[in-house]
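First the structure, in the form of structure tokens, and then the observations on it.
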């Protein structure tokens with residue numbers, strides 16, 4: 001017969017909503033619940049916070065939501081508006097232009113322009129707000145199974161050390177990304193749309209020889225364009241570039257080769273490769289976003305190409321709504 005749980009364990013697991021996934025969607029939801037006095041807990045399979053810049057752009061309505069949640073001042077301090085684009089050809093600057101032009105007929109907002117903040121910093125600020133409200137994030141904890149009745153959801157959780165426990169909650173939210181364990185456990189299919197989008201790499205790099213006042217673009221490099229965007233609050237740039245479908249996860253040497261091949265910069269200009277990711281853009285939609293007491297949010301419910309920063313922004317609004 002198992003030993004009775006300790007009072008400390010009972011207190012830790014006395015929650016109403018279990019959130020699976022500590023990305024922007026899960027953290028936004030946890031903050032909103034915490035400020036309303038709803039007991040929740042986030043579990044995250046990774047053993048630490050996300051470290052990349054991936055979801056970089058916050059749209060005006062997202063900034064309004066973050067303002068309501070009490071984090072926008074910190075995000076304003078951590079970020080910057082979109083810099084002007086700078087086109088390069090044959091090692092020469094060929095014109096400056098704006099990626100997003102202001103629309104004079106757009107609705108009035110306190111935050112009328114997109115705001116750039118590396119995703120790791122957005123998540124850090126949201127987590128700091130959650131902790132200040134008395135919430136918590138449990139890293140190194142994976143959802144391994146779930147069962148539900150009309151009254152509750154039973155979640156089986158496994159830690160990286162192999163220990164496990166069962167948690168009974170009123171509701172569970174899967175905010176665990178495009179390969180959602182929660183969605184798979186529910187048997188909910190994703191309806192995907194085809195398209196001609198190329199695979200791409202994104203990386204956070206330190207590069208010498210470029211100003212940090214522009215988002216630099218080389219449109220005519222062999223193999224496709226390459227862009228380097230200065231990351232606010234850091235000495236790094238976010239690299240984005242289309243690559244072949246067969247490439248897979250890029251190593252630092254491959255990142256240096258891409259920059260040397262598609263720009264006028266030598267490989268030695270890249271002094272550090274902090275983080276890399278390979279992805280195949282796609283559009284997909286879950287058949288439904290709810291199954292009884294379990295909900296899907298963010299990439300677990302819908303997947304978007306990176307243009308316009310839809311993934312992070314729409315996921316935040318799933319949680320906020």
Inset, instruction - Figure the gain on full extension for residue 49 and residue 105 (residue separation times 0.36 nm, minus the Cα-Cα span) and round it to one decimal in nm. - result: 16.2 nm
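Of 97, 218, 275, how do they rank once you tally other Cβ atoms within 10 Å and put the fewest first?
Listing 97, 218, 275 from fewest to most nearby Cβ atoms yields 97, 275, 218.
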Legend entry - Nearest 10 degrees, 0 to 90: helix 119-132 Cα axis against the chain principal axis: 30
Inset, instruction - If a/c stays under 1.5 just call it rounded; otherwise compare a/b with b/c (prolate if a/b is bigger, oblate if not). Do that for the range 53-200, with a ≥ b ≥ c from the square roots of the Cα gyration tensor eigenvalues. - result: prolate
Inset, instruction - State the extension gain, in nm to one decimal, for the chain segment bounded by residue 64 and residue 292, taking 0.36 nm per residue of separation less the distance between their alpha-carbons. - result: 79.0 nm
Legend entry - Alpha-carbon centroid distance for the pair the range 14-65 / the range 157-192, whole angstrom: 15
Legend entry - On Cα atoms only, tilt of 24-35 relative to the major axis of the chain in degrees: 50
Inset, instruction - Give the label of the value calculated from the structure for Rg/Rh (Cα atoms, Kirkwood Rh), choosing from (i) 1.32; (ii) 1.03; (iii) 1.00. - result: (iii)
Inset, instruction - Could you check what % of the DSSP bridge pairs in the chain are antiparallel, to the nearest 5? - result: 75
Inset, instruction - Report, in deg cm²/dmol and to the nearest 500, the calculated mean residue ellipticity at 222 nm for the chain, where each DSSP H run with n ≥ 4 adds -39500 (n - 2.57) and the sum is divided by the residue count. - result: -7000 deg cm²/dmol
Legend entry - Rounded tilt (10° steps) of 252-262 against the dominant C-alpha axis of the chain: 40
Inset, instruction - Could you pull out which residues in the range 143-182 have an amide N less than 13 Å from a spot 7 Å beyond the Cα of residue 35, following the Cα-Cβ vector? - result: none
Inset, instruction - Give the relative contact order (percent, whole number) for the range 121-170; include only Cα pairs under 8 Å separated by 6+ residues. - result: 25
Inset, instruction - Averaging over all projection directions, find the projected area of the Cα convex hull of the range 200-279 and quote it in nm² with one decimal place. - result: 4.7
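Coordinate-derived values only; no laboratory data. Remember, predicted model here, so these are calculated numbers, not experimental data. Glycine also receives a Cβ, built like all others from the backbone with ideal geometry; neighbour counts cover every protein chain displayed.
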